[in-house]
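Reading through the structure tokens given below for one structure.
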Amino acid sequence: VQLQASGGGLVQAGGSLKLSCKFTGINFSINTVGWYRQVPGNQREMVARISSGGMENYADFVNGRFSISRDNVRRLLYLQMNNLKPEDTAVYYCHVNHRSTDFWGRGTQVTVSS
């Protein structure tokens, strides 16, 4: 199982970024997948998840600014992030729990300047 995240970068407050994650080695369409983030010294926290049926779940801090989506044919997971804030600065990881094992992408850095 491999997860390859991309799309991070440096953006000014109020800007937007779209993260992508490519999944290989699993039956992507039947799994709940998600995005997490981590700031050095803090625990990794859930940002958004999407079930195999398309049900979306967001952390409270998202507050309508982010949108998670998936492309089951291309095995891609997306996170559209709008109205970014400096406190969104973190390494963002894509995730799947497959057969009771957590798999993580390498992470992509998102930096939001004020």
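The values are calculated or read from the model by the stated rules, or taken from the named source; none is laboratory data. Because the structure is a prediction, the values reported are computed rather than measured. Using ideal geometry, Cβ is built from the backbone for each residue, glycine included, and neighbour counts are taken over all protein chains shown. For the accessible areas, the whole protein counts, side chains as well, though only heavy atoms, and no ligand, DNA or RNA atoms are used. Shrake-Rupley method; radii C 1.70, N 1.55, O 1.52, S 1.80 Å.
Remarks
- Enumeration of residues in region 40-57 that are in a strand (DSSP E or B), surrounded by fewer than 15 Cβ atoms within 10 Å (Cβ to Cβ) and aliphatic (A, V, I, L, M): Met46
- Reported count of residues in region 64-97, each being out of contact with any Ser or Thr (no Cβ under 8 Å at 6 or more places or on another chain), in a strand (DSSP E or B) and surrounded by fewer than 17 Cβ atoms within 10 Å (Cβ to Cβ), is 3.
- The lone exception for Asp60 - which of (1) open to solvent by 80 Å² or more (accessible area, probe 1.4 Å); (2) under 17 Å from Gln4 (Cβ atoms); (3) of a type in the set (D, E, K, R) it fails: (2)
- Contacts under 7 angstrom Cβ, first residue in region 89-107 being among the acidic types (Asp, Glu), partner surrounded by 14 or more Cβ atoms within 10 Å (Cβ to Cβ), 6 or more apart: Asp102/His95
- Considering residues of region 3-27 that are more than 24 Å from Asn63 (Cα to Cα) and touching a residue at least 60 places away in the same chain (Cβ under 8 Å) only, the residue most open to solvent (accessible area, probe 1.4 Å): Gln4
- Taking the listed residues Val91, Val96, the one that is among the β-branched types (Val, Ile, Thr), out of contact with any Pro (no Cβ under 8 Å at 6 or more places or on another chain) and within 18 Å of Asn31 (Cα to Cα) is Val96, with no other qualifying.
- Hits in region 24-37 (condition: under 20 Å from Val1 (Cβ atoms), outside any loop (DSSP other than H, G, I, E, B) and not hydroxyl-bearing (Ser, Thr, Tyr)): Phe28, Ile30, Val33, Gly34, Trp35
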